[in-house]
Amino acid sequence: NILIDKRVGLPHNSKGNTTYTFVDNISADTYAFNPSDIVFFELHVKNTSNVALTDVEVTDFGPIHFDIYENPGVKVDGENTIKIKAGDFAAGEEKVFSVRGRIHNTDKVSLGTTCIVNRARAAAGSVSDEDTAQFCFKKGMTTTTKVETIPSTGPEHTLMIMGLASVLGYVGTRLKKLA
């Protein structure tokens with residue numbers, strides 16, 4: 001048998017450097033990428049049988065809103081898919097492949113949060129396995145309105161009226177005493 005475990009890189013910033021912890025899925029509550037961000041994946045492929053497997057091929061199917069890069073594989077013509085010639089696997093042998101891609105930044109991507117699933121498959125002869133990894137990205141508002149001046153509201157008129165009333169009250173009291 002063959003086993004594939006696809007993991008997505010959860011970024012962490014530490015002292016100005018970005019490191020990644022590779023996990024099965026990243027929910028929108030955990031972390032949301034931005035359009036144009038690069039997303040990293042690890043593909044763990046293991047021969048779980050007690051016999052050698054030959055000509056193992058790994059296929060990574062790029063989902064909608066995402067372009068998967070060729071390295072280490074070769075892009076399938078006309079598709080958002082890469083194929084990796086993983087070679088032969090001895091009994092119990094495991095190999096890890098790093099794959100990356102970029103989230104689209106186009107008008108076709110809706111505002112808000114979008115979660116997508118990236119699928120990979122490992123096959124050799126009559127044995128195969130598939131696994132997925134989910135990640136989310138958030139597209140914010142693309143336009144802003146600049147406010148040149150803040151319209152004035154209320155209190156300056158109230159203070160002026162209260163000040164005028166005080167002055168008139170004082171003048172009225174003085175005139176009453178004179179009369």
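Only one of the numbered conditions (1) under 18 Å from the mean Cα position of the chain (by Cα); (2) assigned to a strand (DSSP E or B); (3) surrounded by 12 or more Cβ atoms within 10 Å (Cβ to Cβ) is not met by H12, and that is (3). Just to be sure I understand the filter: pairs with C-beta atoms under 8 Å, separated by 6 or more residues or on different chains, first member in region 82-104 and free of Cβ contacts under 8 Å to residues at least 24 places away in the same chain, second member part of a strand (DSSP E or B). Which pairs pass? Partner pairs satisfying both residue conditions: I82/T59; I82/D60; I82/I68; I82/V74; I82/K75; I82/V99. Determine whether Y31 is farther than 19 Å from H65 by Cβ and among the aromatic types (F, W, Y). Against the criterion (farther than 19 Å from H65 by Cβ and among the aromatic types (F, W, Y)), Y31 does not qualify.
Among residues of region 109-130 that are on the phi > 0 side of the Ramachandran plot, those with a beta-carbon under 7 Å from a residue that is open to solvent by less than 80 Å² (accessible area, probe 1.4 Å) at least six positions away or on a different chain give the pairs G112/K139. Scanning region 44-99 for residues that are open to solvent by 70 Å² or more (accessible area, probe 1.4 Å), of a type in the set (S, T, Y) and farther than 21 Å from I116 by Cα yields a count of 2.
The values are calculated or read from the model by the stated rules, or taken from the named source; none is laboratory data. Values in this document were obtained by computation on a predicted structure and should not be read as measured data. Cβ sites come from the backbone with ideal geometry, for glycine too, and all protein chains shown count toward neighbours. Each accessible area value is taken on the protein alone, full model and side chains, heavy atoms only, with ligands, DNA and RNA left out. Shrake-Rupley method; radii C 1.70, N 1.55, O 1.52, S 1.80 Å.
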